[in-house]
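The values are calculated or read from the model by the stated rules, or taken from the named source; none is laboratory data. Just so you know, these numbers come straight off a predicted model, no measurement behind them. Methodologically, a virtual Cβ is constructed for each residue, glycine included, from the backbone with ideal geometry; neighbour enumeration extends over all protein chains shown.
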Amino acid sequence: MTVTRRTASIAVVVPFYNEAPGAAVFYERLHEAMDRLGRPYTLVFVDDGSRDGTLAILNAIADRDPHVTVLSLARNWGHQAALTAGVDYVDGTVGAVVTIDGDLQHPPQTIAEMIGEYERGADVVYAVRKEHQGAGFLKRHTSNAFNRLMAWSTHVDSVSGAADFRLISRDVVDALKEMREVHRYLRGMVPWLGFRSAVVYYEQAPRHAGTPAYTWKRSMRLAHHGLFSFSTLPLNLITWVGFFFATIAAAYLAYVAYVAVNGRTVAGWSSVIGVLLIVSAFQFLAMSILAQYLGMVFEQGKRRPLYVLKQARIAPRARASTRGLSTVVGIDRAADTSAPRR
Ligand code: UDP
Ligand code: MG
């Protein structure tokens, strides 16, 4: 029997960082939703260096459920790296990969609708929250403004309101695996690839338990990666500011020439110092922007792995292997249930 989009297996990749209070409830809802689909599936749980016993909970789930693979990163590498590890792990046997947060803000029931769109031919299905009720006023508005800025400056049409809850087909997975950039912003990288996309909507639930791992600092870092690794807008800004100052300088120069010809003395120090300050301030600004890019070239130049695993516990149901993973260090062979039993 040939595998079609109606029968292909689905892998669900879930990043977990300090989600011990809610992980078990999330798993119950997820596997209920997946069982209802009546098609083969695997669950890939990525523990992103949690320090609150999340890994033990995930391993206990894997003991009971043969669908579950647990990958554990050697430390906290961040949401984007954890998602990357999960997607890298998935091999050619699956038809599509769904990424979903492990804090129950993304309802697992929505996966059925996403798969519906996939069956109708979409290669990317974005799950978009109707309103982000969970998020505060400030976070909501800054994230909307940021999405608009990104769309305008990068010419990549990211779907507004789409976070990292999405389905990508086998072809998109393969293409994404080719993108090994360090500064990852999957919300931009997936639309950048192209492919046929569709959107489904969901109501965002408040966080089930635990605390959001995305602090302001982390959100700012993600926004920074999105903007600077996707756009040359900051570089162009230098040019615009440069033109602006050049225009003012030209006008001022004309004025200086005028007063010189008319025999009056030029105004004193203050204006000179003023110009000096403006220009040197701009130079520093320009240098700092250049430094941003230089820093990223530096980091990319190191070609470090995007994450490092300390454990890969492969689900018996998955025929996948650790072949696709970026770096696998010290795989716990005892826990690697895919290894042939002797
Ligand atoms: N997460 C992760 N590594 C991190 C931060 C978060 O794997 O360093 C996971 C987290 O457990 C959750 C998802 O990524 O499943 C989204 O995180 P969070 O709920 O904090 O983000 P928000 O919903 O505020 O965007
Ligand atoms: Mg969340």
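A few notes on this one:
- Residues satisfying the stated conditions in region 165-179, i.e. within 22 Å of Ala8 (Cα to Cα) and outside any helix (DSSP H, G or I): Phe165, Arg166, Leu167, Ile168, Ser169
- Residues of region 1-27 satisfying the condition of being more than 16 Å from ligand 1 (Cβ to nearest atom) and not polar (S, T, N, Q): Met1, Val3, Arg5, Arg6, Ala8, Ile10, Ala11
- Whichever residue in region 161-186 is β-branched (Val, Ile, Thr) and away from ligand 1 (no atom under 16 Å from the Cβ) and, among such residues, is farthest from Arg120 (Cα to Cα): Val173
- Selected residue (only one of Tyr307, Tyr293 is at pLDDT 75 or above and within 30 Å of Val46 (Cα to Cα)): Tyr307
- Residues of region 150-181 satisfying the condition of being farther than 15 Å from Val90 by Cβ and over 17 Å from the mean Cα position of the chain (by Cα): Trp152, Ser153, His155
Results for (1) outside any loop (DSSP other than H, G, I, E, B); (2) more than 16 Å from ligand 1 (Cβ to nearest atom); (3) in the same structural domain as Leu294 (by TED's automatic domain parsing); (4) closer than 23 Å to Ala81 by Cβ, shown as yes or no for each residue.
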{"position": "Val156", "(1), (2), (3), (4)": "no, yes, no, yes"}
{"position": "Gly188", "(1), (2), (3), (4)": "yes, no, no, yes"}
{"position": "Val200", "(1), (2), (3), (4)": "yes, yes, no, no"}
{"position": "Ala213", "(1), (2), (3), (4)": "no, no, no, yes"}
{"position": "Leu227", "(1), (2), (3), (4)": "yes, yes, no, yes"}
{"position": "Ile248", "(1), (2), (3), (4)": "yes, yes, yes, no"}
